Each structure stands twice: as C-alpha cells, then as structure tokens.
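No lab work stands behind these numbers, since they all come straight from the coordinates. This is a predicted model, so every value here is computed, not measured. Here the Cβ positions follow ideal geometry from the backbone for every residue, glycine too, while neighbour counts run over all protein chains shown.
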Amino acid sequence: MRPRILVVYYSQTGQLRQILDSVVTDIKEKADIDYAVIEPVTPFPFPWTALQFFDAMPETVAHLPAAVKPLPQAVVNKDYDLVIFGYQPWFLNPSQPTTAFLQSELAKIFKGKPVVTVVGCRNMWLHAQEKVKGYLDGLGAHLAGNIVLTDTNPNLVSLLTVIRWSFKGQKSASGLLPAAGVQDEDIAAASRFGKTIYQHLADDNLLDLQRSLLAQGAISLKPGLVMLEQSGIKRFRFWSGFIREKGGPGDSARASRVMMFKNLLLVGIFILSPITNTVALIKLAIKRNSLLKDVEYFRQVAYQEGRI
Ligand SMILES: Cc1cc2nc3c(=O)[nH]c(=O)nc-3n(C[C@H](O)[C@H](O)[C@H](O)COP(=O)(O)O)c2cc1C
C-alpha cells in the first residue's frame with residue numbers, strides 16, 4: 001500500500017514550502033501526500049517594519065502566540081503513516097504560528113504518529129527544536145527525523161541579508177550582498193532526504209531514520225552555536241518579560257522598550273560581536289568536550305528536557 005504522508009507547515013515568504021516541495025519531489029509518485037498549511041487568523045506583516053518585527057519577540061519567546069485557523073476536517077480525520085512538520089525559528093523559538101498550532105486542539109493529529117521535522121532558517125535553530133521536541137513528546141508523537149536547512153553564508157552576511165529581506169521584502173542579491181535565505185542549490189538537493197524517508201517508511205525502519213539522514217548531511221552543527229544560543233535565549237527571556245510588563249502585542253506603551261531591545265541587539269551583534277566572538281573562542285577551547293557532547297545530542301531526535 002502507498003504510504004500516506006501529511007506535510008504540515010507554516011511559511012511566511014514561501015521559502016519553507018519550497019524546501020518541503022523539494023523534500024517530497026521524488027516520492028510524489030510512490031506515496032499519497034497531502035499538504036496542510038498553518039495560517040494565522042491575522043497574518044503577520046511582510047515586509048515588516050522594525051517595530052512590528054521586534055514587537056513579535058516577547059510573545060514568541062514566552063510561547064503566547066497569536067491564534068491560527070483550523071485545518072480542513074479531511075486532514076484531521078485521515079490516518080497518516082507519517083507527518084512531515086515544517087517550521088522556522090523566530091527569536092530562537094518556534095515561530096508564533098508553529099507554537100500556536102502545537103498548543104492547539106489541532107495538534108492531536110500528531111498523537112501516536114512518527115514525525116519528521118524540517119527546519120528552514122538563518123542559522124540558529126537549536127532552542128526552537130528543543131521546544132518542538134518537548135511539544136511533540138507531550139502530544140505522544142514519535143520524532144523520527146530532523147532535517148535543518150540554513151543560510152550557509154558567514155553569520156554577519158546572513159544577518160544583513162535577512163534584515164534586507166524582512167524589512168524591504170528583497171530576497172535577491174544586490175550590491176556586495178548575496179541573496180537572502182537558504183541557498184537554492186541546498187533547497188534543490190533536499191530531495192535526497194525524501195527518498196531516504198520513503199525507504200525507511202517502506203522498510204518499517206523509522207527508528208534508524210535519523211542515522212541515515214545525518215549520513216546524508218541533514219544537520220550541520222558547530223559547537224559555537226550551542227554557546228551562542230545558550231546566552232542569547234537568556235537575554236531574550238529577560239527582554240520578553242520586561243517588554244510584556246508594559247502591555248500586549250502592538251501596545252504603544254511598550255514601543256520604547258521594544259526599540260531599546262532592537263538597538264541593544266543590533267549593537268551586540270554588529271559592534272560587540274568581534275569581542276564576544278573572541279570570548280566565545282576561549283570558552284570553546286575550555287569547554288570543548290562538553291560542547292561536543294551537546295553537539296552530538298542536538299543532532300539526534302531524542303528529547304531530554306532542559307538541555308538548553
Ligand atoms: C520574526 C523573525 C524572527 C526570526 N528569528 C530567527 C532565529 O531566531 N533563528 C534563525 O535561524 N532564523 C530566524 N528567522 C528566519 C526564519 O527562521 C526563516 O528562515 C525566514 O523567516 C523565512 O521563513 P518562511 O518559510 O516563513 O518564509 C526569523 C525570521 C523572522 C520573520
């Protein structure tokens with residue numbers, strides 16, 4: 001029998017949809033594939049103003065997301081053999097529509113199902129994935145695989161291009177800067193993962209899927225990212241609470257705190273980053289062994305609460 005696969009995802013610009021299309025492109029003839037799109041009740045703006053963008057941080061980090069629309073009944077009532085769950089991090093957490101979906105009644109579609117997560121992001125996804133693992137665990141799903149596609153340009157370059165993309169809507173290359181987002185060739189090459197997923201499903205061997213995906217380069221992870229996310233998430237949590245003291249999303253009473261957060265974040269990234277990078281290199285040398293253990297954990301699908 002043809003395996004039944006559900007692809008469920010949110011994508012603001014369509015990048016993640018492109019990635020997911022590529023993942024399933026070579027198995028479309030062999031499997032019965034349905035798509036379900038997660039849609040916020042009120043769409044997030046695109047392009048964003050700086051205030052709108054950074055005003056989304058407090059609720060994203062606090063897991064207090066804006067609501068999403070229901071899925072079609074046909075999808076909710078069908079029995080799938082596997083769910084491919086596509087999402088993107090926002091501020092080191094699952095994007096608001098992703099969290100809203102995972103917290104809602106709709107997430108019962110995951111119960112008892114094997115799930116493969118597919119992440120399309122700039123390059124910081126560890127904490128978000130741990131949160132998604134936690135939700136899936138609570139829902140009684142079995143995380144069988146994780147594939148992460150990132151922008152492989154140097155960190156500051158990808159930051160500049162993501163800013164140009166988010167605030168001007170321009171993804172294409174201009175001046176000295178390359179195109180924003182995940183590289184086209186990496187998106188096209190993601191079709192190799194679909195074949196592996198299909199084979200493991202057909203062989204009833206999903207327990208071994210992540211090993212095969214890793215052998216195909218499904219995750220590339222440097223120890224420095226673990227440290228960067230650990231310190232970043234602590235700061236985001238502080239600012240999330242500090243801004244929410246002044247009101248909810250869009251409240252003008254909190255705008256000055258939101259802009260303060262934005263300015264400090266940009267100063268931290270662009271001006272202090274040579275210093276923080278040097279400190280990070282020293283810490284990396286000292287903590288190398290424990291960070292390498294962390295890297296091994298984050299490449300896997302097992303879930304241990306509180307790892308980051
Ligand atoms: C509000 C916001 C916050 C983001 N935060 C992160 C982040 O913490 N880490 C990261 O790697 N990418 C981050 N990104 C990039 C997204 O993960 C994603 O790659 C991009 O928005 C395109 O995804 P799409 O498929 O929804 O269009 C952020 C994007 C937005 C809009």
Seminar exercise, completed: With the charge dipole of region 31-162 built from beta-carbon charges (+1 for Lys and Arg, -1 for Asp and Glu) about the Cα centre, the Cα from I147, L71, S158 projecting farthest to the positive end belongs to I147
For this session: In whole angstrom, note down how far apart the Cα centers of region 266-303 and region 66-102 are.
Result: 30
Exercise. Amide H to amide H, which residues 5 or more places from Y35 or on other chains are under 5 Å from it, using H placed in the peptide plane?
Worked result: V7
Seminar exercise, completed: Scalar couplings 3J(HN,Hα) for region 89-100 by Karplus 6.51 cos²θ - 1.76 cosθ + 1.60 (θ = phi - 60°), nearest whole Hz, x for Gly and Pro, are x, 10, 6, 6, 10, x, 4, 4, x, 5, 5, 4
Exercise. Over region 4-221, what is the mean sequence separation of C-alpha contacts under 8 Å (at least six apart), divided by residue count, expressed as relative contact order in percent?
Worked result: 22
Problem set entry | Burial ordering of L143, L176, L214, fewest other beta-carbon atoms within 10 Å first | L176, L214, L143
Exercise. Cα gyration tensor of region 1-120, axes a ≥ b ≥ c as square roots of the eigenvalues: rounded (a/c below 1.5), prolate (a/b > b/c) or oblate?
Worked result: prolate
For this session: Compute from the Cα atoms of region 197-250 the Rg and the Dmax, the latter being the longest Cα-Cα distance, and quote both in angstrom.
Result: 19.6, 55
Exercise. Once every DSSP H run of n ≥ 4 in the chain is given -39500 (n - 2.57) and the sum is divided by its residues, what mean residue ellipticity at 222 nm do you get, rounded to the nearest 500 deg cm²/dmol?
Worked result: -14000 deg cm²/dmol
For this session: First measure r as the distance between the Cβ atoms of N205 and V157, then evaluate 1/(1 + (r/R0)^6) with R0 = 41 Å and state the FRET efficiency to the nearest 0.05.
Result: 0.55
Exercise. Amide H to amide H, which residues 5 or more places from L143 or on other chains are under 5 Å from it, using H placed in the peptide plane?
Worked result: V115
Seminar exercise, completed: HN-Hα couplings for region 291-308 via Karplus (6.51, -1.76, 1.60; θ = phi - 60°), in whole Hz with x for Gly/Pro, come out as 5, 5, 5, 4, 4, 4, 4, 5, 7, 9, 9, 5, 10, 10, 4, x, 6, 9
Problem set entry | In range of the label at S220: residues from region 126-142 whose backbone nitrogen is under 17 Å from the point 7 Å along Cα→Cβ | 126
Seminar exercise, completed: Between T152 and residues 5 or more places away or on another chain, the pairs with built amide H atoms under 5 Å apart involve Q183
Exercise. Highest GNM mean-square fluctuation, the chain, Cα pairs closer than 10 Å: which of A144, A50, A74?
Worked result: A74
Seminar exercise, completed: Here D for region 95-230, in µm²/s, from Stokes-Einstein with a Kirkwood Rh over Cα pairs at 25 °C and 0.890 mPa s, works out to 148
For this session: Can you spot the lysines whose alpha carbon is less than 27 Å from K283's alpha carbon? Ignore those fewer than 8 places along the same chain.
Result: K131, K222, K234, K262, K293
For this session: Provide the per-residue ³J(HN,Hα) series for region 240-255, in order, calculated from phi with Karplus coefficients 6.51, -1.76, 1.60 and θ = phi - 60°, each as a whole number of Hz, with x at glycine and proline positions.
Result: 4, x, 4, 6, 5, 4, 9, x, x, x, x, 5, 5, 5, 9, 4
Problem set entry | Partners for K30 among lysines (Cα-Cα distance below 16 Å; same-chain residues under 8 apart left out) | K195
Exercise. Using a Gaussian network for the chain with springs between C-alpha atoms less than 10 Å apart, which of these wobbles most: I19, I219, I282?
Worked result: I282
For this session: Mind running the shape call on region 4-221? Use the C-alpha gyration tensor, a ≥ b ≥ c as the square roots of the eigenvalues: rounded below 1.5 for a/c, prolate if a/b tops b/c, oblate otherwise.
Result: oblate
Exercise. Given labels modelled 7 Å from the Cα in the Cβ direction, how far is it in nm from L272 to R237?
Worked result: 1.8
